[in-house]
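A quick write-up on the structure given underneath.
Only the coordinates and a few stated rules stand behind these numbers; no lab work does. Every value quoted in this text rests on a predicted model; they were computed, and no experiment measured them. Using ideal geometry, Cβ is built from the backbone for each residue, glycine included, and neighbour counts are taken over all protein chains shown.
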């Protein structure tokens, strides 16, 4: 079965190709891109489209590669031993399965999301090389080899906070989700708000792309923020004219809080809008 | 034929490995693509390129390699012209005109010049006296001696054909950082570490556990602490352009290493010397500038300050208002440096020019004075000395 996007997710041709190649060859797919371009959503939608169970592993700065496989809960065992619990004699009672293990042992071929792999320590991806390559690992405590029944489709996302090691990259397919152009953006908005007024959408997109062009913004608004904003605009029943006329009457577009998430950005934007209005009046 | 493509990619600076190439072969064998060139472009890119900063290099190589194949009817034509042209020319030209060709250095020479012009034209997208077809000053084109033949190169159907994805070069902006042998630099930068325990408590604190277990009448009382992280913050200012061009490589390495090593890293560019504004994107240096005051106010004083620059300039650029070569600076560069140093006490200047030459430039001496002698060469050994100074 090929992935072609879903009714809630617009996939570009190159993205579809990368997903299908990774699924067919059973290799991990590394996804990078600006925050809010739907990297995490991709795994969820791929699982839905291919009707596979989804396992998620959200990586944090304190995550260890081992936690994705399993954890040996020595602390509980120690406590149990002090309290004289019978479970203590079987070490396997204290082996906690990680998402990788779950995905490997899944009945049906699964989709595994390893989210924000760059948040973890610099050595983290290196510690997963063999597991991702051979799709098996060894549980030392119980002397058991866990081998994938079906190689899961693994989707790994990164926000580019750290560079990933070469050896890791070589094992993955790679795709960079670039920021959607206006056309794609209209399609994306379309699947989320099918009953949005054309004129409102056009004005809103214009304002949105204008804001993205403002130099020096600490955080450019992304697709997910645009969708939030549109939701608000629709809820408040803002007319396209209000959006269009905002240059003169108001400094900041209505409900801009959904787009600009940072006080400095709001200030910067106000200042720029103020200046452009002044030069506009003069000229 | 793809082996060729693979090696072309490597020549073009895309670090594709054999493993990735085999992966592409496997994908082709498993019929992942439908067979179109666009599909192949997407597939090969997903297999062979692992960083968006290499997308542009890939696009360029792909474009060059598959240029003819992209539109096969055109490419058939493209295969013919020279022979065909020659024949046409011979048929159509009068003796007089043939002499004219001779005077231009013969047909070979002419074709070569023509090709060069075409290349230039592709690059510049705007005419000029050399553009084929303007007649007059150019020996080529409609008003030239061989209107039919030479024009083929001109139409080239370049304009009619839809622009291919790889020809759009959309990823040019991402192709900025190069990582070349930066490992050593990283190791040197590691000295600049300040560990702090913050975040989730997930490490066993052995001492505290023993102490509180004893207090707890021997019953185990586990104590955890957060793991240690590098919490150092760095402000990096790069001199760019002019005399710094010789040191681009080492600066890129430095930048690349710093970016991976420090979580809190802010960088800015300046030209020759620090004045009232700096910028972050060198291509937009004229439109997007940050007032230096804003930098001073935004980043607290516990940031470590690193300048990277050769400090080679006219002394006026440092000492006098209005001394800048690029614009009128109301206050002298020295004033700005002092302001920076007043806020950031831990500061160094890294100079990529060889330390032995520093004595010959007055400006370097001035900068050293301003920095309180905290100037170090941008070598491993210099970096280490600098880092020691920063953590002192």
Stretched fully, the stretch from residue B:64 through residue B:10 gains (0.36 nm per residue minus C-alpha distance, one decimal, in nm) 18.1 nm
For residue A:234 and residue A:266, extending 7 Å from Cα along the Cα-Cβ vector and measuring point to point gives, in nm, a value of 2.5
Taking B:250-256, A:259-265 and ranking on average Cβ neighbours within 10 Å, highest first, one gets B:250-256, A:259-265
Helix A:39-49: inclination vs chain A longest Cα principal axis, degrees, rounded to 10, gives 70
Taking a crude spin-label model, label points 7 Å out from Cα along the C-beta direction, the residue A:79 to residue A:202 distance in nm is 6.3
Tilt, helix A:74-83 to longest principal axis of chain A (alpha-carbon atoms), in degrees rounded to tens, equals 60
Note: residue A:149 to residue A:71 extended length (0.36 nm per residue) minus current alpha-carbon separation gives 26.0 nm
Between residue B:31 and residue A:252, the two model label points (7 Å from Cα along the beta-carbon direction) sit apart by a distance in nm of 5.7
Mean other chain Cβ within 10 Å across A:172-179 is 6
Most exposed first, judged by fewest Cβ atoms within 10 angstrom, A:188, A:122 run A:122, A:188
per DSSP, antiparallel bridges as share of beta bridges in chain A, % nearest 5, sits at 30
Cα-based Rg and Dmax for region B:282-328, in Å, come out at 13.5, 32
Computed from the beta carbon distance with a Förster radius of 25 Å, FRET efficiency for residue B:325 and residue B:296 to the nearest 0.05 stands at 0.60
Of the convex hull enclosing the alpha-carbon atoms of region A:137-273, the direction-averaged projected area in nm² is 13.4
Region B:248-392: Kirkwood hydrodynamic radius (Cα pairs, Å) comes out at 15.7
Rounded to whole angstroms and listed largest first, the alpha-carbon spread of chain A along its three principal axes comes to 82, 46, 37
A correct fewest-to-most ranking of A:23, B:61 by other Cβ atoms within 10 Å would be B:61, A:23
Per residue convex hull volume, Cα only, region B:207-267, in Å³ is 87
Stretched fully, the stretch from residue B:381 through residue B:283 gains (0.36 nm per residue minus C-alpha distance, one decimal, in nm) 32.0 nm
Taking every residue of A:8-16, the Cβ atoms of other protein chains inside 10 Å of its Cβ average out to 2
In deg cm²/dmol, rounded to the nearest 500, the helical mean residue ellipticity at 222 nm of chain A, built from -39500 (n - 2.57) for every DSSP H run of length 4 or more, is -13000 deg cm²/dmol
Taking every residue of B:51-62, the Cβ atoms of other protein chains inside 10 Å of its Cβ average out to 2
To the nearest 0.05, the calculated FRET efficiency linking residue A:193 and residue A:2 through their beta-carbon distance, R0 being 35 Å, is 0.85
Tilt, helix A:263-282 to longest principal axis of chain A (alpha-carbon atoms), in degrees rounded to tens, equals 20
Footprinting proxy, B:374, B:392: sorted fewest to most Cβ within 10 Å, the residues are B:392, B:374
Of A:140-149, A:166-175, A:68-77, ordering from highest average Cβ density within 10 Å down gives A:166-175, A:68-77, A:140-149
